[in-house]
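The values are calculated or read from the model by the stated rules, or taken from the named source; none is laboratory data. The shown structure was predicted, so the numbers you read here are calculated from the model rather than taken from an experiment. For neighbour counting, all protein chains shown are included, and Cβ atoms are generated from backbone atoms with ideal geometry for every residue, glycine included.
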Amino acid sequence: MIKLLAKLLRVLNSETDPGQISLGLCFAMVAGLTPLLSLHNLVVLLLVLVLRVNLSAFLLGLAVFTGLAYLLDPLFHSLGLAILTAPALQEFWTVLYQSIWWRIERFHNSIVMGSLAFSLGLFVPLLLVFNLLIRRYRQHVLAWVQKTRIMQMLKASKLYQTYETLSSWRPG
Amino acid sequence: MTKWLRWWGLGAFLVVVAVIGLLWIVFVDGWVKRLIENAGTAVVGAQVELDHADLTVFPVGLTLTRLQVTDPQAPMTNAVEVARIAMGLDGLNLLQRKVIVEEMSVEGVRLGTSRTTSGAVKPVQETTADEKGLFGISLPSLEVPDVKTVLQHEELETMRLIEDLKTDLKQEKAAWEARLQDLPGKTEVAKYKERIRQLKAATKGGLEGMLSGVEEVQSLKEEIDRDVQALKDARKAFDEKIALLKTRLEQIKTAPKRDIQHIQAKYNLSPQGLANMSQTLLGSEIGSWVHQGVAWYERAKPFLEGAQAMRSREGGPEVQKPLRGKGVDVHFPEEHPLPDFLIRLARVSLNLAVGDLAGTIHHVTSDQPTLGKPLTFAFGGERLKGVNAVTLEGTLNHMVPAQSRDRLTLKAKGYELADVALSKDAKWPVTLQRGLGDITMDATLQGRALTAQGSSHFRALQLSAGVSGDTNPLTRSLSSALSGISQFSLAAEVAGTLDQYDVKVTSDFDRILQDAAGKIVNELAARFGDELQAAISAKIAEPMKQVQEALGEFHAIGGDLGDRFAQHNEVLNSLLEKSLPSKSLKKLPGGLKLPF
C-alpha cells in the first residue's frame, strides 16, 4: 500500500507531462476493466510501449482498474448483453461474427463487449478529467503535500529513497 | 511528434510478445497433456493417461504418445491403449478455441492391455466371477428327490383349498342353521291349520256366513303366501350356495395335479427345461454383452450431441447459460458453422490379439447438429489369426438429438473357436475343442429403442462333454449327443429400450439336447410325479373326507327347507279347498270367482 502511494505521489509530483500520465491511466482503464487476455489488450500494450505514456501511471492504473473490474462485472454483463442483442446492431454483429479475428477477440462475450464499450466510452472524457485534476493538483495541492508529515516520512523512508534512485535510471 | 513516440517501446513490445510465446511453447505441451488427461478421466470415470503431448506451431499439429484409457470396471486393465496419435490442426480455428482436425492418424490401438498401477478414480463395484463358462449350463436334476422331504417343505395348493373350504363350510352351516330359526316352520303350519279350522266352523251358516269370512281368508292366504315366498327364496339361495361349494370341491380334486406340475418344475424335473436351453444359457450372456455396450454408448452419447444440442437451430442470436464472472457468449448465425471439436477423418490401426485391423472414422465431433453430418466408421481385416475376415461398420447419427439413429453391423467369417469352455460344471463340463463360426449381427438404436438381430452358424465342430466314469444316465446321454454334433445354428434377437431389453435366443442346439435327454428326463419326471401323486393323495385323504362329510350335513338343511315348503303349500291348498262351499258355488253358472 505504501509502495503504491509512493508511486502515485512520485508520478504526480514529477515533471512528467499531465497528458502522459492521463493517457497511461486511460490505457490502464481499458486493459484493467476488460478481460486481460483479450486480443485488444495486445494493441493497448503496443500503444502503451510505443507512445510516450507514463508507464508507472499505467501499471498503477492497471492494478486499480483490474480490482474495480470484479465489482463492475454485473454492470458490464448487462451492458454487453444489451449491446449484443440490440435489434439494430444484429446485422453488424453477424458480419463481425463471420471474421475469425473478431471471434478471437471474443467481442460476442457480454463482459468483453460491456467492459470494452464502457472503457472506450469513458476514454476521452476521463483523459480530459485526469489532465485537469493533475494540473489543479500541481497548482494547488503539491506544495502543501510536500510539507505534510506523511510526505516527509515517506521521503525519509529507505524504500522511497531506493525507489527514487531506481526510478531515476529509467528512461522517460 | 517524436515527443509522443519512444521507438524502444516497439522493441520492448516484441520482447514481451516473444517471452509470452516462449512461455507458451515451453508450457503448452504440459498444459495440453493435463487437459486431455483431466477431461478424459472425467468422461470415462477412470484414469486416462498420456505419456507425452507435443504441440507444434509450424505447421500447427499435435502428437500424442501412448494414450491409456483405464477400464472403469477393471482398474488394472486399459480398455484402450493407443501407441501414437498424430493430427494436423487448423491454427486460426484453434485460436478461437475450436479444435478442427482435418486428418488424424491413430496407430497401434490395443484393447485390454494390463496396467502397472490401478487406474481407478472411484471404488469399483465388486462383481462375482462367473465360473460357469461361456454357456453356464444348469441341467435338469438327475435324482428323484425324496417325496416326503419335498412335501414337508412345500405349501400345497390342494391343502390350502381344503382348509379354506372347511372353514367356509363351517361358517355357512352355522349361518344356515341360524337362518332356519328365523324361517317359518312346523309351529307356523300348526297355527295356520287351527285358524283354517276356526274359519270353517264360522262359515257353516251358509252363503251369508261364508261371505263374512272372506276378509279373514284373504288375510290368512297372504300370510301363508309370504311364508311360502320366504321359504322359496331361502331354498334358491341354499341351492346356489351348495352348487358353489360343490364347484370348489371339484376344483380341489384337480389341485393335486397342479401341485405336482409346480413341484416338478421347481425341482427341474420337467422336460421343458431342455426345450429352450439356449435361451436360458446364452440369454444372460448376450444380455451382459448388450449391457456393456449400452454402458459405453451412454458415456459417449453426450459427446455426439454436445452443447449445441440444447441450442435452437433458428437464425437469431442465441444466448448461452451465463457463468458467474465469465459473462455469456451471444451466438450469431454463421455462414459456415463449425463445431468446437471436429476430426474430419481418422485413420485407425488396431493391433488386436487376432491380428491387425484397419479402418476409418469420419466426422468425429462433439456437435453433430452444427456439423450436419453423422459419424461413420468402417473397420475390416482379412486372414487374421483365428478369423478369415471381419468387418465392422456403423453410423452414429445425432444430427437431430431427439431423433437419433445409430446402426452397427458386424460380420465375421470363418471365426475359429478353440478350447472354449461352454460349461465348467464339475458334473458335466463341456468344451468346444474346435470349430468354425460365421457370425452376422445388425443392431439399430432409434432414440432409446434398441433392436438387434444376430445369426451365426457354427460348423466343423468338435465337442467334448462329461467326465470319465460318469454313471449318470442323463449326462452320459447328453455327452454322447454333443459328441455327435458337427454343426448348429444360433439366432439372437434383442428388443426393447436401452434401460430394459429382452434377449431371445433360439438354436437347433435345443432340439439336439432335447432329443438326447428328453426321454430320460421324462421317465424321471413320470416317476417323481407318480410318487408325488400317491403322497399327496394320502396327505389329503382325511381332510377331503372331512370336507365331504361337512358338505353332507347340508343335506339335512336342504331337506328341512323342502319339508317346510311342502307343508306350507299343503296348508295353502287346504285353505283354498276347505274354506269354500264349493258344491253350492260350483253349481252356479260360470262358478264363483273370488275377489282374490
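Contact annotation: residue pairs with Cβ atoms under 6 Å, 6 or more positions apart or on different chains, pairing a residue in the stretch B:46-70 that is within 16 Å of residue B:87 (Cα to Cα) with a partner that is part of a strand (DSSP E or B) and of a type in the set (Ser, Thr, Tyr), are B:52/B:65; B:54/B:63. Determine which single condition residue B:100 fails, assuming it passes every other condition in (1) assigned to a strand (DSSP E or B); (2) touching a residue at least 40 places away in the same chain (Cβ under 8 Å); (3) away from chain A (no Cβ under 14 Å). Failing condition for residue B:100: (3).
Counting only residues that are more than 14 Å from chain A (Cβ to nearest Cβ) and over 19 Å from residue B:34 (Cα atoms), the stretch B:61-96 holds 9 of them. The residues of the stretch B:4-29 that are of a type in the set (D, E, K, R) and either more than 9 Å from chain A (Cβ to nearest Cβ) or within 15 Å of residue A:43 (Cα to Cα) (or both) amount to a single one, B:29.
Taken over the stretch A:51-83, the criterion of being of a type in the set (Phe, Trp, Tyr) and under 8 Å from residue A:24 (Cβ atoms) is satisfied by A:58 alone. Quick check on residue B:272: is it modelled with pLDDT under 75 and assigned to a helix (DSSP H, G or I)? When the stated conditions are applied, residue B:272 passes them.
Is it true that some residue in the stretch A:59-76 is facing chain B (nearest Cβ under 10 Å) and either touching a Ser or Thr at 6+ places or on another chain (Cβ under 6 Å) or under 20 Å from residue A:10 (Cβ atoms) (or both)? Yes, that holds for at least one residue.
Can you tell which of A:11, A:64 is under 10 Å from the mean Cα position of the chain (by Cα), under 27 Å from residue A:153 (Cα atoms) and in a helix (DSSP H, G or I)? Being under 10 Å from the mean Cα position of the chain (by Cα), under 27 Å from residue A:153 (Cα atoms) and in a helix (DSSP H, G or I) holds for just one of A:11, A:64, which is A:64.
Could you please tell me which pairs satisfy a Cβ distance under 8 Å, a separation of 6+ or placement on different chains, a first residue in the stretch B:1-20 that is free of Cβ contacts under 8 Å to residues at least 60 places away in the same chain, and a second residue that is exposed (fewer than 11 other Cβ atoms within 10 Å of the Cβ)? Once the first residue is free of Cβ contacts under 8 Å to residues at least 60 places away in the same chain and sits in the stretch B:1-20, its partners that are exposed (fewer than 11 other Cβ atoms within 10 Å of the Cβ) give B:6/A:171; B:8/A:171. As for the stretch B:291-308, it holds at least one residue that is modelled with pLDDT of 75 or more and hydroxyl-bearing (Ser, Thr, Tyr). Select from the stretch A:22-45 the residues that are in contact (Cβ under 8 Å) with a residue 40 or more places away in the chain and among the hydrophobic types (A, V, I, L, M, F, W, C) and write down the one among them that is farthest from the other protein chains (Cβ to nearest Cβ). Per the criteria, the residue is A:29. The set of residues from the stretch B:347-398 being in a loop (DSSP other than H, G, I, E, B) and surrounded by fewer than 18 Cβ atoms within 10 Å (Cβ to Cβ) comprises B:353, B:354, B:372, B:373, B:385, B:386. Restricting attention to the stretch A:77-95, which residues are in a helix (DSSP H, G or I) and at the interface with chain B (Cβ under 8 Å from one of its Cβ atoms)? Answer for the stretch A:77-95, where residues must be in a helix (DSSP H, G or I) and at the interface with chain B (Cβ under 8 Å from one of its Cβ atoms): A:77, A:80, A:81, A:84, A:90, A:93, A:94.
Matching residues to (1) of a type in the set (A, V, I, L, M, F, W, C); (2) over 23 Å from residue A:104 (Cβ atoms); (3) modelled with pLDDT under 85:
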{"site": "B:9", "(1), (2), (3)": "no, yes, no"}
{"site": "B:51", "(1), (2), (3)": "no, yes, no"}
{"site": "B:82", "(1), (2), (3)": "yes, yes, no"}
{"site": "B:85", "(1), (2), (3)": "yes, yes, no"}
{"site": "B:98", "(1), (2), (3)": "no, no, yes"}
{"site": "B:110", "(1), (2), (3)": "no, yes, no"}
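Here residue B:402 fits the description: in a helix (DSSP H, G or I) and modelled with pLDDT of 80 or more. Answer yes or no: is there a residue in the stretch B:581-593 that is within 21 Å of residue B:223 (Cβ to Cβ) and modelled with pLDDT under 90. No, there is no match, as no residue in the stretch B:581-593 is within 21 Å of residue B:223 (Cβ to Cβ) and modelled with pLDDT under 90. Restricting A:111, A:104 to residues that are touching a His at 6+ places or on another chain (Cβ under 9 Å) and within 7 Å of chain B (Cβ to nearest Cβ) narrows the list to A:111.
Taking the criterion of being under 11 Å from residue B:366 (Cα atoms) and touching a Leu at 6+ places or on another chain (Cβ under 7 Å), the residues of the stretch B:337-354 that qualify are B:339, B:342.
The single residue among B:451, B:475 that is β-branched (Val, Ile, Thr), buried (at least 18 other Cβ atoms within 10 Å of the Cβ) and in contact (Cβ under 8 Å) with a residue 24 or more places away in the chain turns out to be B:475.
All conditions but one from (1) over 8 Å from the mean Cα position of the chain (by Cα); (2) assigned to a helix (DSSP H, G or I); (3) buried (at least 24 other Cβ atoms within 10 Å of the Cβ) apply to residue A:53; the one that does not is (2).
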